[in-house]
């Protein structure tokens with residue numbers, strides 16, 4: 001791997017910029033009072049947005065209350081003070097960020113307007129032409145992956161600016177493809193060559209897949225009140241299946257979704273193959289249980305509801321099997337509707353004075369039983385009964401008692417069908 005030829009230049013620039021300031025910083029602090037940063041802006045940046053640049057530097061602007069000319073007189077809001085030394089370092093930080101993003105010839109200038117107690121900072125950036133990726137080679141994977149499809153899936157493409165962050169993300173993508181196809185110990189060797197004068201970069205990613213392995217044992221720890229058999233029904237990883245890293249992530253999401261666990265970790269028990277002749281891996285599921293009961297209380301006011309309250313109680317792992325029992329209740333029109341008509345219609349809830357539908361309180365009571373892992377870890381069955389009275393302002397009143405039965409099929413991630 002050849003180092004970027006301009007990094008020594010940046011290091012020298014940093015040393016030359018910062019060294020003279022070190023002995024002067026304490027003296028400057030004694031001579032003048034700190035100024036509040038009232039404005040921070042960037043000019044000339046196109047490849048990187050303002051948010052990215054702001055996150056990369058130490059100088060930050062004060063809050064809206066402290067920067068707005070119409071609000072600052074109130075004295076509220078967080079004030080950030082100008083640090084001359086960090087400001088000089090920010091120039092180097094921005095240069096490094098641009099070089100990591102492929103803009104080796106970027107130049108950063110500054111404009112600082114100082115007033116008695118305030119300072120306004122502007123970074124003027126000339127990005128220049130970026131170093132572009134001219135060649136991307138993936139080696140060692142032709143026999144196990146569709147390399148063309150893999151190249152299309154990489155964040156860094158030929159013709160793009162040679163962004164070092166996307167370069168690392170591309171290597172991680174290759175590893176993810178391998179680990180989701182049975183290679184738990186896959187790795188990638190990265191190398192690149194940059195010609196700053198020609199504004200060209202060449203990248204090589206060499207895959208080291210290692211052995212393809214199946215899942216041997218699944219160990220569950222931390223399940224104390226919850227039956228481990230219940231946890232196993234929620235697993236997307238099973239013994240004798242080919243190892244797939246994405247299934248480990250899916251198992252973690254499914255277990256979190258039950259609401260019964262404070263933390264869930266699904267990882268390989270070993271960081272390296274156990275033996276040359278062992279083609280199985282052990283998966284470790286570490287759990288930290290959460291409280292199995294939850295209570296919800298709420299109250300509020302609305303112009304069309306007057307006062308309202310709601311409450312709820314949830315029991316997780318109800319009667320075992322990871323079932324969840326929800327009992328919820330809501331009451332509105334409090335203070336104006338029977339049996340809570342306390343005369344509020346003539347004062348705080350005058351909006352409903354002539355509304356004939358508000359003579360009785362609205363309510364909703366529901367009991368819902370949810371059964372996860374319904375024939376599959378991804379499917380959920382629901383059964384609920386309810387009773388409600390609902391009214392629409394100056395329109396109608398609806399009373400109902402009923403029941404609902406449903407099954408949610410998660411055939412694909414984040415695409416449920418009920």
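The values are calculated or read from the model by the stated rules, or taken from the named source; none is laboratory data. Remember, predicted model here, so these are calculated numbers, not experimental data. Heads up, the Cβs are rebuilt from the backbone with ideal geometry, glycines too, and the neighbour counts pull from every protein chain shown.
So, in region 191-209, exactly how many residues are part of a loop (DSSP other than H, G, I, E, B) and farther than 25 Å from residue 283 by Cβ?
Initially, region 191-209 is screened for residues part of a loop (DSSP other than H, G, I, E, B), giving 196-199, 209.
Still in the running and farther than 25 Å from residue 283 by Cβ: 196-199.
Residues flagged as part of a loop (DSSP other than H, G, I, E, B) and farther than 25 Å from residue 283 by Cβ within region 191-209 amount to 4.
State the number of residues belonging to region 215-240 that are in a loop (DSSP other than H, G, I, E, B) and under 16 Å from residue 269 (Cβ atoms). Break it down stepwise before answering.
At the first step, the residues of region 215-240 found to be in a loop (DSSP other than H, G, I, E, B) are 222-227, 234-240.
Filter once more, so that each one left must be under 16 Å from residue 269 (Cβ atoms): 222, 235, 237-239.
So the count comes out to 5.
If you check every pair at least six apart or on different chains, which have Cβ atoms under 6 Å apart with a residue in region 149-175 that is within 18 Å of residue 186 (Cα to Cα) first and a residue that is part of a loop (DSSP other than H, G, I, E, B) second?
From residues that are within 18 Å of residue 186 (Cα to Cα), the pairs are 167/156; 169/155; 170/154; 170/155; 170/156; 173/154; 175/186.
This table checks each residue for (1) surrounded by 14 or more Cβ atoms within 10 Å (Cβ to Cβ); (2) in contact with a helix residue (DSSP H, G or I) (Cβ under 8 Å, 6 or more places away or on another chain).
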position	(1), (2)
264	yes, yes
285	yes, yes
291	no, no
331	yes, no
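Going by the conditions given, is residue 340 over 36 Å from the mean Cα position of the chain (by Cα), at pLDDT 85 or above and surrounded by 14 or more Cβ atoms within 10 Å (Cβ to Cβ)?
Numbers: over 36 Å from the mean Cα position of the chain (by Cα): yes; at pLDDT 85 or above: yes; surrounded by 14 or more Cβ atoms within 10 Å (Cβ to Cβ): yes.
Criteria met by residue 340.
Looking only at region 178-206, how many residues end up being farther than 29 Å from residue 47 by Cα and touching a helix residue (DSSP H, G or I) at 6+ places or on another chain (Cβ under 6 Å)?
Residues in region 178-206 being farther than 29 Å from residue 47 by Cα and touching a helix residue (DSSP H, G or I) at 6+ places or on another chain (Cβ under 6 Å): 3 in total.
Check 262, 212 and return the single one that is assigned to a loop (DSSP other than H, G, I, E, B) and either over 28 Å from the mean Cα position of the chain (by Cα) or over 13 Å from residue 179 (Cβ atoms) (or both). Can you show your working first?
Details: 262 fails: assigned to a loop (DSSP other than H, G, I, E, B).
None of the others qualify; the one that does is 212.
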